[in-house]
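**Student:** Have a look at this one.
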Amino acid sequence: MRSRHTAAIALAAILVITACGGDGEESATEDATTVTGAAASAEPTGDATAASAEPTGDATGEVSAGATAGATGGDCTLDEPVPVGVVFSLTEGAAVYGQSQEAAVRLAADELNAAGGVTYELVIEDDASDPSPGITAFEKLINQDGVSAIIGPTLSNTAFSTDPVAQNAEVVVLGVSNTAEGVTEMGDFVFRDSLTEGQVIPQTIEASKEELGLERVAVLYGDDDAFTESGYQVFAQALADNDIEITTEQTFAKGDTDFSAQLTEAGNTDPDALVVSALAEEAALILTQAADLGLDIPVIGGNGFNSPALIDNAGDAAEGVIVGAAWNSAADDQISQDFKAAYEEATGNAPDQFAAQAYTGMKLVDAAVRSACSSDPTAIRDAMAGLSGMPTALGEFSFTESRDADHPAVVQVVEGGEFTVLGG
Amino acid sequence: MQQVVNGVFLGAIYGLFAMGYTLVFGVLDLLNLAHSAVFMLGAFVGWELVVALGWPLWLAVVGAIAAGALLGILIERFAFAPLRQRPDTHFAGLISSIALAIVLGAIALGLFGPNTRRFPPDTFPEGRFEFAGASISVLQVVILVVCLVLMLGLQWLVRSSRLGKAMRAVAEDPRAARLMGVNVSGVTMATFALSSALGAAAGVLFALAFNSIQTEMGLAIELKGLAVIVVGGMGSIRGAMLGGLVLGLTEVFAIVWISSSWRDAVAFGLLFLILLVRPNGLLGRGSVREV
């Protein structure tokens, strides 16, 4: 009898322990998700990490003329190179993003230096995907290297710790992958060129409605994760704005692997499409299970779906998935094509959205420096806040009043195992 | 109808996982919390055998089960055997099995990395058929059959085989069993091996069913497995299977009839009610053990 009691007490203890374990896991996932924002998935894929060789001189020479032509203040000349700090997650969890960002910024700087007039001296630091090395890096860049501006950091979570350092020192900081709410609210020296989910999703819904004639959709989302939940809120608002009826709202919990009950329920309401706000892991499972259940309707996804890994993992089930993004490598404008060619030549890899945003970030810094024709941080800040309608790889780019990015999102659809532009 | 299929399928896997749990508890009065780590490692071993070594699927499942049995012996040796003489052996074993689960989890993370793995699409036949308005895949049928066979096999083993009789003797009274000439430490080891083999089988079947293998997959099912064996009746094998089905079906029908946001609340609320009515679980019979 005693042993039964012991076991019962022990069981209670385990439940508590397991619950605590759950908490830790949650916060870790959120950190990882912070970066995804309007960008690729939280799932670091091995292939994207591949070597980011430094761009070679002759590779950049070929494209520099075309790529820099759009920059404003082209007649400015500064004698001294402008020191620019670059802080990315080159190691640890977010290294998969950080390394392609670093390669893209180097590429942009090499192009600018080759073009002449204003040259840049990059000081590159690693934040190891963690706030405290990030703070150290920021302090070094500002106090020791005296940089005029800082590009980075990779993760929003890190940005919340590091950006106040730059703000206090009145040095411009430009996030190129921070998508969390409130990043630019930290101060008037904090900018970003990455779209938030709240900016991408409405465009996605609008384009999908136009293309597919949506009238009724079923919604499926994770209700215990800050990012999938906020993605759902934005979806719900966008659906209401577009007069699209929601037939049923199904939810799941983080860590779930079986979605067949929710998908069956959703299918029973006979919707035109399924709108899903999920993390990358869940996204692939939801797609394969929907296909298994014979649910043959388009799926419109949030950030979790915006990753080549989704196509690898879900295979044929990913066909027809619609997801918004800040940039797509199929973009056919000249700047994107030049960037793509130069990046491939320099690194041997195809650029992703992160690379495009980082590349554009360096070009935006350059535009601000040239426009102010000064390496003084405050002058750069004022010039950057005034940037508007600048042609970039991300499309026509402006900063909003709140120093957030404003440029058209790309609505993508998976066709033949690739992300292509919807209706394009 | 589709939802019944969904529920039964989910429940069968919960049940298979819980059977291994409950076996160790029924025979040895020990709760082995490294069981979820075995579940996870079973899935990884199955994946490695299929993808890296190119074994046919059925052989890989057998291989994963064998690896699970081996792991069970290791767990018994490292987490439980050294503590057997202590007066608080239940608690100590519980805690040391948690420790071992963490160690195994860390090893898996080091060996296999944090990325989710998936079986390549052509690992198993893709066929599916319609049955009474529900869409069922061949894989699901195979998994159900394997679950059923393993459950019946375990029943037979415990009821009729020599090992099973020895197990029941040890469950009744280890000291008396030893006096009667039963090799108690051998039976203990065999129980762990058997239990972990079932855990590994559940892991590899789960991985096939949902095609998702990651180092944290054991955490989600651990809590459910515990709930299942409590509801089914601690130590009862048939109870574990029944409890698994009850939990699987409850989860699915909570989604159908109430709301998916309430799924866990409804499922665990119902389990709570069952325990109020039957404190020993569905098939638990007080101190009389089935095993």
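Values in this text are rule-based calculations from the coordinates and carry no lab data. In this text, all values refer to a predicted model and were calculated from it rather than measured experimentally. Cβ atoms come from the backbone with ideal geometry, glycine included; neighbour counts cover every protein chain shown.
**Student:** Pop a pseudo-label 7 angstrom from the Cα along the beta-carbon direction at both A:ASP333 and B:ILE107 and give the gap in nm to one decimal.
**Tutor:** A separation of 5.4 nm, rounded to one decimal place.
**Student:** In terms of Cα to Cα distance under 16 Å, which lysines are near enough to B:LYS224, apart from those fewer than 8 places away along the same chain?
**Tutor:** Cα-Cα hits under 16 Å: A:LYS254.
**Student:** For the protein assembly as shown, what does the helix formula give at 222 nm: sum of -39500 (n - 2.57) over DSSP H segments with n ≥ 4, over the residue count, nearest 500 deg cm²/dmol?
**Tutor:** Rounded to the nearest 500, it is -18500 deg cm²/dmol.
**Student:** Please name which of B:ASN211, B:VAL277, B:LEU249 has its Cα lying farthest along the dipole of segment B:187-291 towards the positive end, using unit charges on Cβ (Lys, Arg +1; Asp, Glu -1) and the Cα centre as origin.
**Tutor:** The residue sitting most towards the positive pole is B:VAL277.
**Student:** At a Förster distance of 45 Å, what's the computed FRET efficiency of B:ARG278 paired with A:GLU211, Cβ-Cβ distance as r, to 0.05?
**Tutor:** 0.20
**Student:** In what order do A:ARG192, A:ARG381 fall by count of nearby beta-carbon atoms within 10 Å, going from fewest to most?
**Tutor:** Fewest-to-most ranking of A:ARG192, A:ARG381: A:ARG381, A:ARG192.
**Student:** For an R0 of 60 angstrom, estimate the FRET efficiency from the Cβ-Cβ distance between B:GLN85 and B:VAL4 and round to the nearest 0.05.
**Tutor:** After rounding to 0.05, the efficiency reads 0.75.
**Student:** Continuing with this model, one more query. Using the count of nearby Cβ atoms within 10 Å as a rough guide to exposure, how do B:PHE124, A:PHE354 rank from fewest to most?
**Tutor:** B:PHE124, A:PHE354
**Student:** Got the relative contact order for segment B:65-197 handy, in percent, Cα pairs under 8 Å and 6 or more residues apart?
**Tutor:** The value is 39 percent.
**Student:** Could you work out how far apart the two model spin labels at A:ASP145 and A:ASP376 are, taking each label as a point 7 Å from the Cα in the direction of the beta carbon, and quote it in nm?
**Tutor:** Once both label points are built, they end up 2.3 nm from each other.
**Student:** Would you mind getting me the FRET efficiency between A:CYS76 and A:ASN168? Use the beta-carbon distance for r and R0 = 30 Å, nearest 0.05.
**Tutor:** It comes to 0.60.
**Student:** What are the aspartates and glutamates whose alpha-carbon lies under 13 Å from the alpha-carbon of B:LYS165, with same-chain residues fewer than 8 places away excluded?
**Tutor:** B:ASP173, B:GLU290
**Student:** Also, quick follow-up: Run the simple label-point estimate for A:SER388 and A:ASP241 please: 7 Å along Cα→C-beta, distance reported in nm.
**Tutor:** A separation of 2.1 nm, rounded to one decimal place.
**Student:** Hey, fewest Cβ within 10 Å first, where do A:THR251, A:THR269, B:THR215, B:THR123 land in order?
**Tutor:** Ascending Cβ contact count within 10 Å gives the list A:THR269, B:THR123, A:THR251, B:THR215.
**Student:** Have a look at the DSSP beta bridges in the protein assembly as shown and tell me what percent are antiparallel, nearest 5.
**Tutor:** 35
**Student:** Report the percentage of all Cα-Cα pairs in the protein assembly as shown whose separation exceeds 32 Å, rounded to a whole percent.
**Tutor:** For the protein assembly as shown, the fraction of Cα-Cα distances above 32 Å is 56 percent.
**Student:** Report, in debye and to the nearest 20, how large the dipole of segment A:339-378 comes out about its Cα centre when Lys and Arg carry +1 and Asp and Glu carry -1 on their Cβ.
**Tutor:** Using only the charged Cβ atoms, the result is roughly 120 debye.
**Student:** Moving on. What is the distance in Å between the Cα centroid of segment A:183-228 and that of segment A:252-292?
**Tutor:** Between the Cα centres of segment A:183-228 and segment A:252-292 lies a distance of 19 Å.
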